1. Averaged over peptide B:34-44, how many Cβ atoms belonging to another chain are found within 10 Å of each residue's Cβ?
2. If you build the convex hull over the alpha carbons only and average its shadow over all orientations, what do you get for segment A:159-235? Give it in nm² to one decimal.
3. What distance in nm separates the two pseudo spin-label positions at residue B:28 and residue A:150, each 7 Å out from Cα along the beta-carbon direction?
4. Taking +1 at the Cβ of each Lys and Arg and -1 at the Cβ of each Asp and Glu, which of A:185, A:72, A:33 sits farthest along the dipole of chain A towards its positive end, judged by Cα position relative to the Cα centre?
5. Quick check for me: using +1 on Lys/Arg Cβ and -1 on Asp/Glu Cβ, what's the dipole size of chain A about its Cα centre, in debye to the nearest 20?
6. Using 0.36 nm per residue, how much length does the chain from residue A:185 to residue A:9 gain when fully extended, once their Cα-Cα distance is taken away?
7. Positive end of the dipole of chain B, charges at C-beta (+1 Lys, Arg; -1 Asp, Glu), about the Cα centre: which of B:68, B:57, B:32 has its Cα farthest in that direction?
8. Which value, in debye to the nearest 20, gives the size of the charge dipole of segment A:1-63 about its Cα centre, when Lys and Arg are +1 and Asp and Glu are -1 at the Cβ?
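Read-outs: derived from the displayed coordinates by stated rules, not from any lab. Since the model is a prediction, treat every value here as computed from it, not as a measurement. Neighbour counts are summed over all protein chains in view; Cβ atoms, including those assigned to glycine, are modelled from backbone coordinates with ideal geometry.
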Amino acid sequence: MALKQKLIIDKELTNSIKIIVRDETGLYSPSNITGYGGNNGNAIINFEKYIFELVNLENNVKHRQIQSDDVTNIAEYTNPTIARIINKENVIISATNFNLDNFVDSLYKLSMNVLLNTSYNCNAGIGTDVVTNVVNAAAIFAKYKYIFAEGQIYVIQDVIDNNIILDRNIVTAFISFKPLLSSYIYIIVSDELNDSISDGIANLSKNCNNSKAVNLLSEIQLYYWGMQRSLEANDTFQAFEYFKMAKSLACTIHFNHG
Amino acid sequence: MVDSNNDHFNKVYDKLISVVNSELKNLIKFRNIGRTIDYTNIKILNLYIRYLDYIKYSKYKYFTVVGLTDISNYLNRL
């Protein structure tokens, strides 16, 4: 069986201030046949960095946190080390790392990319989605679906002869690239929504005759519950639809205060 | 009426999820077309959610649920 990365989010500890993730893939063994190394290749000695990317799918704002063992690079985080991440230690993606007070309520795509230290020569110019002169392009495509070059992550769409076709135009020209092992999950940050619901419930006593507020809160709570169950069922986009509706209704709660 | 049956409980809980999903999709449709919303079922479903969630996530190994058949019948009527 092939390598299968397991990106896990710690839901109990995650909130709008920090997102706690870990790499549960583990090392290859007879009892973990989808792990790193062994028959699956990708020995951990070749791991150069972990690149965690958090993309807000409502506005496409992207945050990137790089974990490496390079203590001289202040833009990268060295705690935990690469070895400790491989050994399933939690990584904290904190809003303060991006000079934010918190992550705003939204649906996020969180990806975990392992950068390998193998470099491949090529030619790749701006404004095209084709990387040319790649030796053994088909073999690379068979093993990897993502590449990293000049700070950009590209998805390999196809290979024709010695050419690699990418998912988008090249942003900055490059003459070599490194492969990435990548996996992702979707998460919903909903702390502001929780606060709105709590606020609405707390203020019900001030206007106990306000049946409109009671109805509204009942409806919001139902959306919230549906959102949580959809997330458990990995139906992220259904969860997000409920979240958006709950959020838009929660904004009106304040108008119903006595 | 008292039911002591995990399978029965799980079936009713799954039914609850299915019914709430269906109700929520209808609610979104009604809001989009400006139709008046009847909140009676919403409030009842919220109460059932609280009740069944409390049991589902409690530490007790066996579910002993008063009114499970009545809840099941209600969900089937929606």
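1. Working: counts 0, 0, 0, 3, 1, 8, 2, 2, 7, 7, 1.
Across the residues of B:34-44, the mean count of other-chain Cβ atoms within 10 Å is 3.
2. Numbers: hull surface 38.4 nm².
Its average projected convex-hull area is 9.6 nm².
3. 4.0 nm
4. The residue sitting most towards the positive pole is A:33.
5. On the way: 20 positive and 26 negative charges, 54 e Å.
The dipole magnitude comes to about 260 debye.
6. Details: separation 176, 0.36 × 176 = 63.36 nm, distance 0.85 nm.
Fully extending the segment from residue A:185 to residue A:9 adds 62.5 nm.
7. Result: B:32.
8. Working: 7 positive and 7 negative charges, 9 e Å.
The calculated dipole for segment A:1-63 is roughly 40 debye.
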